[in-house]
Amino acid sequence: MIEIPSKLIDKLQTSEKIVFFTGAGISAESGIPTFRGEDGIWNKLSPEELANFNAFMKNPKMVWEWYQYRRKITHNSQPNAGHLAIVEFEKYFPEVTVITQNVDNLHRRAGSKIIYELHGNIEKNYCIKCKKRYDEDLNFEDGIPKCECGGLIRPDVVWFGEYLPVDQLRKSEEATISSDIFFVIGTSAVVYPAAGLVYTARQYGSFIVEINIDSTEVSKICDVTFQGKAGEVLPKILDEVRKIKS
Ligand code: BJW
Ligand code: ZN
């Protein structure tokens, strides 16, 4: 039984700007494994070891195998009740922003309008030499896609030690600062600078709501925490919104 605390109901009544900050956990119910924790795909391989440029240069074939495997999973996945509930919020609030660490495109496929992608997108690629951009139709030679200039093509995602897309981070910070409610959903909140947005939300007085199956690094600074699955909790909060707004 999911109870919606009265302080959240009060806040939903007066709020206009809602931010949803999401991580791998929101896509878990779509069948996409998370990075860390019991069901994480990276339990055997540390994320820092695989998702970095040096690992790619040392063994591009292995890193590409991993991305091709994950691409297949994301292609065969569908947005779940959590992604879809977030889209519905747009009917009831003037400004709804999704800030995601995920590269899986599921918020876009669900229909969310404003989405900032902090860690890139698994469906995009670029040549590390001439920067030419490629979609997913890549020509693999011996397990590695090459550009027409001869350079290596890499996925357009953010690896450790790399800067986040400047415009996406700036817009995310602006949306966070001006948000009335900041939802933190399905993220372990250990990877920076993305996780820093939760502290920014706190600093600027946003009402912070966490939805996660476990407690996290940021649970203690949240106003409300739901220990549960995003695909179950979000539709319940949406039901409450519908009641308030009807
Ligand atoms: C559910 C659920 C359900 C499950 N419902 N919930 C020391 C201190 C601080 C920072 C650093 C440091 N040393 C180095 C750094 C910086 C580093 C960093 O943060 N490292 C820390 C890990 C220590 N950060 C960087 O390097 C970043 N860049 C940077 O800082 O640039 C500046 C710079 C430039 C030059 C030199 C030095 C600095 C870049 C970070 C890039 C992260 N990239 C990845 C891979 C993306 C591509 C890909 O997908 O392959 O992004 S790593 C991976 O982690 C991915 C994710 O977006 C990110 C966050 O993971 P997320 O989403 O939180 O997933 P999980 O698995 O951790 O958690 C899932 C959660 O869901 C869990 O809590 C579950 O309980 C929950 N859950 N089912 C609700 N149904
Ligand atoms: Zn090239």
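On the basis of being touching a strand residue (DSSP E or B) at 6+ places or on another chain (Cβ under 8 Å) and open to solvent by 70 Å² or more (accessible area, probe 1.4 Å), does LYS131 make the cut? In short, no. Only residues that are under 20 Å from LYS72 (Cβ atoms), at pLDDT below 95 and out of contact with any Ser or Thr (no Cβ under 7 Å at 6 or more places or on another chain) were counted in segment 1-40, giving 4. Residue-level check: of (1) farther than 17 Å from ILE18 by Cβ; (2) free of Cβ contacts under 8 Å to residues at least 24 places away in the same chain, SER188 misses just (2).
List the helices (runs of 4 or more DSSP H) inside segment 42-121, counting only whole elements, that have at least 3 residues being aliphatic (A, V, I, L, M) and closer than 25 Å to ILE153 by Cβ. It would help to see each step written out before you state the result.
On the way: elements: 47-50, 53-58, 60-75, 81-89, 106-110.
Qualifying helices (runs of 4 or more DSSP H): 60-75.
Of all residues in segment 214-223, none are open to solvent by less than 50 Å² (accessible area, probe 1.4 Å) and of a type in the set (Lys, Arg). Among residues of segment 136-177 being assigned to a loop (DSSP other than H, G, I, E, B) and within 16 Å of ligand 2 (Cβ to nearest atom), the one that is most open to solvent (accessible area, probe 1.4 Å) is GLU148.
The values are calculated or read from the model by the stated rules, or taken from the named source; none is laboratory data. Just so it is clear, the model here is predicted, and its values are computed rather than measured. Every residue, glycine among them, receives a Cβ derived from its backbone with ideal geometry; neighbour counts consider all protein chains shown. The accessibility values were calculated without ligands, DNA or RNA, using every heavy atom of the protein model including side chains. Shrake-Rupley method; radii C 1.70, N 1.55, O 1.52, S 1.80 Å.
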